[in-house]
Every structure is written in structure tokens, then in C-alpha cells.
Amino acid sequence: MKIIFASQNQGKVKEIKEIFKSTPFEIVSLRDLGNNINIEESGNTFYENAFIKAKAVFEIYNEPVFSDDSGLVVEQLDGRPGVISARYAGEYCSYNDNNIKVIKELENFAEPHKAKFVSTAVYYDGDQVIESVGELHGIIIKEQRGSNGFGYDPIFIPNGYLKTIGELDFELKNKISHRSISFNKMKELLSKKF
Ligand code: IMP
């Protein structure tokens, strides 16, 4: 069964394809379809944004769609960057700009800087909506380490580890990540249904 993954983020596409390999579900990315649509994430929650993306892509192709919305939630920053994780330092900012902004905002707070990555996945086929959520808990450090992964990976150390996700292997990240949790849950839910 073909499912379109509604994301332009190639880091996520790589993670998702890995999770769904050897399953009856064939994940097709927007890039695979030659589609560079950019959908505005106007929701106030991860779920709202994931659903907005899934619905917009379903309306183009009329085929089952999957999407996720994810982000970093930092306890001492009252949950920020949250749903604006991608553009925390401004509309066209880089991952580096975002990391520097978070580090700066934490300057006057005592360690540990508890945080979590959250991923809300949504499957939508015009009829059914299925949701699953995954979280990865850890701490933010005040320097960037490692160049693996993307986004806030260089400043996030998952609980139980000594290295940032930027320093950990791709395979390991894919086992423990918030997206791995939400998408593995989704894989189970879909396997029961289809
Ligand atoms: P979106 O889910 O595509 O809207 O992007 C959310 C933003 O959250 C990304 O641009 C990253 O800044 C951040 N983010 C989401 N997942 C991860 C992750 O696995 N590692 C690091 N940053 C992430």
C-alpha cells in the first residue's frame, strides 16, 4: 500500500523510509513525486499542524497520506520553541540560528535544562484519521556538538546517554527518537487496520 509522506524535510524522509522498510507500506515522499509544495503550518498544536499538512497533500493526490509535526519543548522556556521550532529564530533562519537562540535564552537558567522532542504523526485517507505521539526526553547543553542529524540534534542529549544526537549514529537515533516512537506506533495501528 502506497502512502505519501507529506514533508519536504529530507532528514525526516530518510528516517521514515528506514522505519517502514520491509513492511507492506511503501512510503513515497513529496520529492519522489517532484512536488515542492510548502504548506503553511498555521495550527497551535503539533496535531493541528500534522493534520493541516496531511489534508493539504491528500487534496492534491487523493491517496493515503502521512505527516508528522514535531519540535523541541524546553521546560524552562515554558515549552518553547514548540510548534514554531523550525522558524524559532525567524522565518528563514538556519538550524544554527535556532540552536544559538535556545542556548542564549537558557543563559540565566540553572542546569539541567530539561527538554523533550515531540512528534505527532497523522495518517489521513479522506475518511479515517489516525494519530500517534512519540516523545524523547533529555537535556539541552549550551554548546553544539556533532554534525549528524538535523535541527536541534547538536544541543540535545537524550536521557541515559552522554552524547548529543548530533554525535550519535543515525541507526541509534532512529531507534530512540520521538519520530521513531510515533511512527512505529503508527506502523502497528496501520498493520492492524490494513
Ligand atoms: P516540522 O515538524 O517539519 O515542522 O519541523 C519541526 C522542527 O523541529 C525542525 O525544523 C527542527 O528544528 C525541530 N526538530 C524536529 N525533529 C527534530 C529532530 O529529530 N532533531 C532535531 N530537531 C528536530
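The values are calculated or read from the model by the stated rules, or taken from the named source; none is laboratory data. All of these numbers come straight from a predicted model, not from anything done at the bench. Cβ sites come from the backbone with ideal geometry, for glycine too, and all protein chains shown count toward neighbours. Just so you know, the surface numbers come from the protein's heavy atoms only, side chains and all, with ligands and any DNA or RNA stripped out. Shrake-Rupley method; radii C 1.70, N 1.55, O 1.52, S 1.80 Å.
A search for C-beta distances below 7 Å between a residue of the range 45-68 that is more than 18 Å from Phe20 (Cβ to Cβ) and touching a residue at least 24 places away in the same chain (Cβ under 8 Å) and any residue that is within 12 Å of the ligand (Cβ to nearest atom) and among the hydroxyl-bearing types (Ser, Thr, Tyr), counting only pairs 6+ apart in sequence or on different chains, returns Phe46/Ser70; Phe46/Thr120; Tyr47/Thr120. Counted as qualifying within the range 1-77 are the strands (runs of 3 or more DSSP E) with 2 or more residues that are over 16 Å from Ile130 (Cα atoms) and either touching a strand residue (DSSP E or B) at 6+ places or on another chain (Cβ under 8 Å) or within 12 Å of the ligand (Cβ to nearest atom) (or both), namely 26-29, 65-74. Any residue that is part of a loop (DSSP other than H, G, I, E, B), touching a His at 6+ places or on another chain (Cβ under 6 Å) and buried (at least 18 other Cβ atoms within 10 Å of the Cβ) - is there at least one of those in the range 94-117? Within the range 94-117, one or more residues are part of a loop (DSSP other than H, G, I, E, B), touching a His at 6+ places or on another chain (Cβ under 6 Å) and buried (at least 18 other Cβ atoms within 10 Å of the Cβ). Looking at the range 132-145, can you tell me whether even one residue there is open to solvent by 10 Å² or more (accessible area, probe 1.4 Å), of a type in the set (Val, Ile, Thr) and in contact with a helix residue (DSSP H, G or I) (Cβ under 9 Å, 6 or more places away or on another chain)? Scanning the range 132-145 turns up at least one residue that is open to solvent by 10 Å² or more (accessible area, probe 1.4 Å), of a type in the set (Val, Ile, Thr) and in contact with a helix residue (DSSP H, G or I) (Cβ under 9 Å, 6 or more places away or on another chain).
Within the range 147-187, the set of residues being near the ligand (Cβ under 9 Å from one of its atoms) and surrounded by fewer than 17 Cβ atoms within 10 Å (Cβ to Cβ) comprises Phe150 only.
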